[in-house]
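Read-outs throughout are calculated quantities, based only on the coordinates presented, and are distinct from any laboratory measurement. This one's a predicted model, so the numbers in the text were calculated from it and none came from an experiment. With ideal geometry, Cβ positions are generated from the backbone for all residues, glycine too; neighbour counts draw on all protein chains shown.
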């Protein structure tokens with residue numbers, strides 16, 4: 001329906017948000033492009049970083065998708081106690097601060113981790129988790145759940161009637177139904193994970209490093225923070241943007257549909273159950289792989305919680321403030337864009353997907369650096385950039401709800417003369433409380449766990465909780481780091497829960 | 001009097017012409033085959049569809065460029081006539097004040113109009129807690145309270161059973177129709193028209209015909225209506 005005929009909300013908030021996003025994505029890109037040292041070209045180390053970035057992303061994405069196939073198939077066709085909890089938990093890594101997950105993985109796979117303790121007891125040489133396989137391990141840890149959820153959606157989207165038909169024909173379900181679905185869904189999932197791994201910073205910062213395991217994002221950070229070589233940092237930022245933009249365009253073309261939909265609660269009834277032990281093994285191993293590191297965070301974190309340095313608590317307070325501001329900002333931006341509607345908004349809403357924290361951060365750094373000490377802007381910058389980076393995800397949850405209200409009730413509102421603030425307050429806000437709360441929770445958790453922009457900008461006086469935790473790890477104060485990690489995990493989940501819960505209260509409709 | 005002067009509507013490959021004079025104090029039914037443009041015409045009258053050419057006026061005042069809320073017109077759609085998250089009283093109160101902040105006098109008015117449509121004491125419920133017929137009554141209550149001179153009904157009772165639908169139509173006749181008001185209803189059922197309409201406008205073949213008194217029309221149906229009725233029976 002042509003909305004222009006009876007537009008009921010003013011357009012300026014949407015336009016303002018659009019402008020802000022453009023400045024933060026394309027504006028910062030222009031800043032880095034202008035400052036980049038083009039004449040020197042890329043050094044051998046830069047090429048190595050590019051190769052490593054792409055290679056680890058390909059391997060991480062490939063492994064995540066391959067491993068996700070048996071797990072999602074098992075979840076699609078088995079009904080067991082705790083299935084719903086497990087599927088919900090599969091959504092958790094999205095909220096999990098990267099640095100916390102890395103610490104959890106280290107306590108399992110690291111030098112002093114339980115795996116090496118076991119291997120040592122059996123007389124084997126210890127495994128090292130640093131470098132290429134450490135980065136891939138962490139990326140699979142993060143993205144296996146995502147890939148599983150996405151492929152599970154594909155599995156559950158196969159109509160039950162088809163399985164019934166296949167059963168009556170005694171036809172091979174795998175070749176007839178499942179393989180075509182995987183061929184349709186698989187490439188999109190692979191690309192989404194690939195894109196996420198391309199922009200990986202915190203994992204490479206903690207598990208990578210050195211000439212053989214440096215991502216472009218990490219190289220940007222090192223050029224800026226250690227060498228203060230603005231020209232090279234800017235050049236690398238341009239490289240990173242091209243990589244991401246290329247991948248993002250392909251992703252967007254292949255996966256138009258909603259990646260975070262609902263409807264996981266049904267089990268398709270089918271007649272070819274396969275071997276229960278295979279499914280049990282797939283689910284069991286995946287659960288162990290995901291849950292043990294999380295359990296270790298709690299286990300190792302609890303003892304040190306009592307005597308955390310005061311500075312960590314102060315950093316936690318800072319993080320809460322930043323996350324709250326970031327979430328508020330992100331939700332306001334998403335709402336004003338959604339109300340604006342239209343094609344330009346669809347583009348502006350996905351633009352941040354092609355941006356990465358370090359590219360935007362570097363651009364912002366270059367813009368503010370001549371005028372003010374960037375460290376003084378560390379916290380506002382972190383809030384702003386994180387709000388922008390979270391925007392595509394929040395928009396995906398809010399925009400369809402807003403569009404639905406326009407379709408269902410736009411004419412009623414217009415006929416009643418509901419416009420502007422009254423329309424927003426009476427019709428829109430109460431009806432989108434759920435996606436809005438979910439979006440706010442997402443944005444808050446993402447900002448809470450951010451270790452990208454903040455690392456680029458902050459001095460000692462602007463330390464957030466993830467940064468404080470990283471510095472504790474760097475100083476080998478592992479017990480305090482584990483306690484800080486537990487605190488960060490708890491705060492992230494708590495902020496998400498409060499927002500999400502807030503949206504569900506009194507939402508009877 | 002509601003007038004359509006040289007009105008031309010177009011949507012994709014669909015087009016409709018209308019030159020109409022609909023006097024106040026009457027209930028007028030728009031009847032015709034589905035897809036003929038009955039609802040489209042109603043949409044244009046309410047202000048949701050801008051005409052390609054021509055004018056719409058009420059008592060000589062041109063409405064063509066007014067937004068839906070600014071027209072002297074209330075409309076009930078096929079569905080979504082109530083906000084599900086607001087109480088019945090709030091939904092009805094929107095007719096008085098699109099801010100939901102009602103004075104005590106206004107609250108009394110809401111209660112009175114709920115009494116009038118047979119929803120006494122149900123103002124605190126949400127639409128989901130009402131039956132289909134009660135929801136229709138609540139929507140009618142809002143139109144009644146809005147007290148605008150033109151009321152358009154785009155088959156709002158189509159989802160109700162025949163008995164309930166007849167009850168609602170009678171309620172429209174009893175409460176909404178009046179000497180100062182024009183009620184225009186879309187229907188595909190001749191019995192609806194016969195039940196409460198004074199006049200009938202046949203919409204067919206891209207054209208809205210001039211209103212004809214209901215009894216006279218069904219006694220001597222024009223070709224377009226005869227075709228429609230014949231197909232319906234056969």
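With the cut-off at under 18 Å, measuring from each backbone N in region B:104-121 to a point 7 Å along the Cα-to-Cβ line of residue B:170 picks out B:116-120. Every Cα-Cα pair of chain B was included, and the share exceeding 34 Å stands at 15 percent. Compared with the dominant Cα axis of chain B, that is its longest principal axis, helix B:223-233 is turned about 60°. In chain B, helices alone account for a calculated mean residue ellipticity at 222 nm of -9500 deg cm²/dmol, with every DSSP H run of four or more residues adding -39,500 (n - 2.57).
Relative contact order for chain A: 25 percent, from Cα pairs under 8 Å spaced at least 6 residues apart, divided by residue count.
Among B:194, B:38, what is the fewest-to-most ranking by other Cβ atoms within 10 Å?
B:194, B:38
Across all directions, the average flat footprint of the convex hull enclosing the Cα atoms of region B:21-138 is 9.4 nm². Per residue of peptide A:407-413, the mean number of Cβ atoms on other chains within 10 Å of the residue Cβ is 6.
For region A:316-397, the Kirkwood hydrodynamic radius comes to 13.5 Å, computed from all pairs of different C-alpha atoms. A full extension of the chain between residue A:229 and residue A:127 corresponds to an added length of 33.2 nm, given 0.36 nm per residue minus the alpha carbon distance. Just the Cα atoms of chain A, one point each, no solvent: what log10 I(q)/I(0) does Debye give at q = 0.09, 0.13 Å⁻¹? Values, matching the q order: -0.67, -1.36.
According to the Cα-based calculation, Rg over Rh for region B:106-205 is 0.98, with Rh computed by the Kirkwood formula.
As a proxy for reagent exposure, B:131, B:67, A:242 were ordered by neighbouring Cβ count within 10 angstrom, fewest first; the result is B:131, A:242, B:67.
Determine, from the Cβ-Cβ distance of residue B:55 and residue A:81 and an R0 of 51 Å, the FRET efficiency 1/(1 + (r/R0)^6), rounded to the nearest 0.05.
0.15
Multiplying the residue separation of residue A:344 and residue A:371 by 0.36 nm and subtracting their alpha-carbon distance yields 6.5 nm.
Considering only alpha-carbon pairs that sit under 8 angstrom and 6 or more positions apart, the relative contact order computed for region A:378-501 is 35 percent. Calculated FRET efficiency, residue A:253 and residue A:298, Cβ-Cβ r, R0 30 Å, to nearest 0.05? That pair, residue A:253 with residue A:298, gives E of 0.15.
In chain A, the DSSP-assigned H stretches of four residues or longer account for a calculated mean residue ellipticity at 222 nm of -23500 deg cm²/dmol, using -39500 (n - 2.57) per stretch and the full residue count as denominator.
A Förster radius of 41 Å, combined with the Cβ-Cβ distance separating residue A:476 from residue A:505, puts the computed FRET efficiency at roughly 0.40.
Sorted fewest first by neighbouring Cβ atoms within 10 angstrom, A:139, B:55 come out as B:55, A:139. Each Cα pair under 8 Å and six or more residues apart adds its sequence gap; the mean of these over the residue count of region A:1-149 is a relative contact order of 31 percent. When its C-alpha radius of gyration is set against 2.2 N^0.38 Å (N residues), region A:74-147 gives a value of 1.34.
With a 10 Å cut-off around each Cβ of B:61-68, the average count of Cβ atoms from other chains is 2. Which of rounded, prolate, oblate describes region A:394-442, given a ≥ b ≥ c as roots of the alpha-carbon gyration tensor eigenvalues and a/c under 1.5 marking rounded, otherwise prolate only if a/b is larger than b/c? Prolate, because a/c is 1.5 or more and a/b exceeds b/c.
Would you mind giving the mean number of other chain beta-carbons within 10 Å of the Cβ of each residue in B:79-89, as a whole number?
The per-residue average across the peptide is 4.
Taken over the Cα atoms of region B:173-216, the convex hull encloses 91 Å³ per residue. In this label model, residue A:44 and residue A:277 are separated by 5.3 nm, measuring between points 7 Å along each Cα→Cβ vector.
Checking the a/c ratio against 1.5 first, then a/b against b/c, what shape does the Cα gyration tensor give for region A:270-345?
Judged from the Cα gyration tensor, region A:270-345 comes out oblate (a/c at least 1.5, b/c at or above a/b).
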